[in-house]
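I have placed the structure first, in the form of structure tokens, so that the comments after it can refer back to it.
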Amino acid sequence: MFLKGKTAIVTGSTSGIGLEYAKVFAQEGANVLINGFGAPEAIEDARAKLEAASGAKALYDPADMTRPDQIAAMVKRCHEELGGPDIIVNNAGIQHVAPIEDFPADKFEAILQINLHSAWYMMQAAVPYMKAAGWGRIISTASAHSLVASPNKSAYVMAKHGLAGLTKTIALETATHGVTVNCISPGYVWTPLVEAQIPDTMKARGMTREQVMEDVLLAAQPTKEFVTVDQVAALALFLCRDEAKAITGANLSVDGGWTAA
Ligand code: NAD
């Protein structure tokens, strides 16, 4: 239980990759603050299970990642009720798939706010606590799309490339304070986010569901297998270890070879 006494906030952790990060941190004894949307009973069930796994505390905060005031309030609440934050994971994300001429402006703005700007506000709120403690871990879920592009994902690719740049900058700003800042860039991970973009891709490219799975999603991944949430979370957990303290400013691919091609 190497995270006993530490506190982690994971944004967008009611589902998918984020929930798995929260689980691995809790299994190592951390207090965890989960965030995101969903059915209240399912969120309470997840929260209670995390608390049982950690033997520490688990809180849920409904902060909307489009709202800087709510992000700052969540970080402050974490500090007051759980301590820290010692670890933050910027993970909340949404996707929309359309060619630029058809891309709705409200979707463009929401993707930038949730997938990129929220990470900046999270870091702004959390870095003072980490510097004061002389220890911190900042991890962002970027994407293979922080390194390469795909058509019809202009907002997402833009946001994820931005997240990689933000990671490098804040790594430099915190390098002498015991704080590391990295992003993890998965290829296609089988989660509700991926499942939800299949209908839009079918429409945008005139394909069947099977064609989207084989010719679009796994076409990019040389291993021809989806990445799993536990593979991504295992890397995040490693980044929290003392052995990982020299890893900062890195963009770490977990993409089955996608960006090697
Ligand atoms: P998911 O849809 O399962 O989870 C997204 C989470 O974000 C949910 O908890 C949701 O409630 C939350 N969220 C959405 N809008 C929010 C808002 N306004 N405020 C707060 N929370 C909000 O998706 P996932 O696949 O687990 O994605 C998690 C992250 O991983 C995203 O940043 C995504 O871009 C990234 N990613 C996913 C894949 C993949 O293949 N699934 C690949 C690379 C990167």
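Under 5 Å from the amide H of Ala92 lie the amide H atoms of Thr11, Gly12, each residue being 5 or more positions distant or on a separate chain, with H modelled from the backbone and absent for Pro and chain starts. Three semi-axes describe the equivalent ellipsoid of segment 188-261; taken as square roots of 5 times the Cα gyration tensor eigenvalues and ordered largest first, they are 30, 13, 10 Å. Of all DSSP-defined beta bridges confined to the chain, some 0% are antiparallel rather than parallel. Relative to one another, the C-alpha centroids of segment 164-207 and segment 19-68 are positioned 20 Å apart.
Expressed as a rounded percentage, what relative contact order does segment 117-170 have, with Cα pairs under 8 Å and six or more residues apart? Answer for segment 117-170 is 32 percent. With a cut-off of 15 Å between beta carbons, the residues surrounding Thr191 carry a summed charge of -4, where Lys and Arg count +1 and Asp and Glu -1.
In the Gaussian network model of the chain, springs joining C-alpha atoms below 10 Å, which of Lys245, Lys168, Lys203 carries the largest mean-square fluctuation? In this elastic network of the chain, the residue with the biggest mean-square fluctuation among Lys245, Lys168, Lys203 is Lys203. So which residue, out of Leu50, Leu59, Leu172, gets the largest mean-square fluctuation from a GNM of the chain using Cα contacts under 10 Å as springs? Judging by the Gaussian network model, the answer is Leu172. Name the residue from Ser185, Leu172, Thr11 whose Cα lies farthest towards the positive end of the charge dipole of the chain, charges +1 on Cβ of Lys and Arg and -1 on Cβ of Asp and Glu. Projecting each Cα onto the dipole axis, the largest value belongs to Leu172. Within the accessible area of segment 105-243, what % is carbon and sulfur when the probe is 1.4 Å and the other protein chains stay in place? That share works out to 57 percent. Name the residues whose placed amide hydrogens come within less than 5 Å of the amide hydrogen of Ser253, ignoring near sequence neighbours (fewer than 5 apart) on the same chain. So Ser253 has HN proximity to Ser185. If you take all other residues with their beta carbon under 9 Å from the beta carbon of Ile87, and give Lys and Arg +1 and Asp and Glu -1, the sum is +1. Computed across the chain, the Kirkwood hydrodynamic radius from all distinct Cα-Cα pairs reaches 18.4 Å.
In this structure the chain gives 44 Å² per residue of accessible area when probed at 1.4 Å with all protein chains present. In this calculation the C-beta distance from Lys76 to Glu44 is compared with R0 = 22 Å, giving a FRET efficiency of 0.45. Relative to the longest principal axis of the Cα atoms of the chain, the long axis of helix 118-133 makes an angle of roughly 20 degrees.
A 1.4 Å probe, protein heavy atoms only, puts the accessible area of His161 near 80 Å².
About its Cα centre, the dipole of the chain is roughly 580 debye, where the only charges are +1 on Lys and Arg Cβ and -1 on Asp and Glu Cβ. Taking packing as the residue-averaged number of other Cβ atoms within 10 angstrom, the listed peptides 222-229, 33-40 run from highest to lowest as 33-40, 222-229.
3J(HN,Hα) couplings calculated from phi for segment 149-166 with the Karplus curve 6.51 cos²θ - 1.76 cosθ + 1.60 (θ = phi - 60°) are, in sequence order, 10, 9, x, 6, 10, 4, 5, 5, 5, 5, 5, 6, 4, x, 5, 5, x, 4 Hz; Gly and Pro show x.
Entry note, the chain: relative contact order of 19 percent, from Cα contacts under 8 Å with a spacing of 6+ residues. Applying 1/(1 + (r/R0)^6) with r as the Cβ-Cβ distance of Gln211 and Glu243 and R0 = 35 angstrom yields a FRET efficiency of 0.20.
Here the peptides 119-126, 101-108 are ranked by packing, the mean other Cβ count within 10 Å, and the order with the highest first is 119-126, 101-108. Against the chain, whose longest principal axis comes from its Cα atoms, helix 192-205 is set at around 20 degrees.
The HN-Hα couplings worked out from phi for segment 237-251 by the Karplus form 6.51 cos²θ - 1.76 cosθ + 1.60 (θ = phi - 60°) are 5, 4, 4, 7, 6, 5, 4, 9, 5, 8, 8, 8, x, 8, 10 Hz, whole numbers, x standing for Gly and Pro.
For Tyr121, neighbours were defined as the other residues whose beta-carbon sits under 13 Å from its Cβ, and their charges (Lys and Arg +1, Asp and Glu -1) total 0.
The values are calculated or read from the model by the stated rules, or taken from the named source; none is laboratory data. As the structure is a prediction and not an experimental result, all values here were calculated from the model. We place every Cβ from the backbone using ideal geometry, glycine too, and count neighbours over all the protein chains shown. We work out accessible area using only protein heavy atoms, side chains counted, and drop any ligands, DNA or RNA first. Shrake-Rupley method; radii C 1.70, N 1.55, O 1.52, S 1.80 Å.
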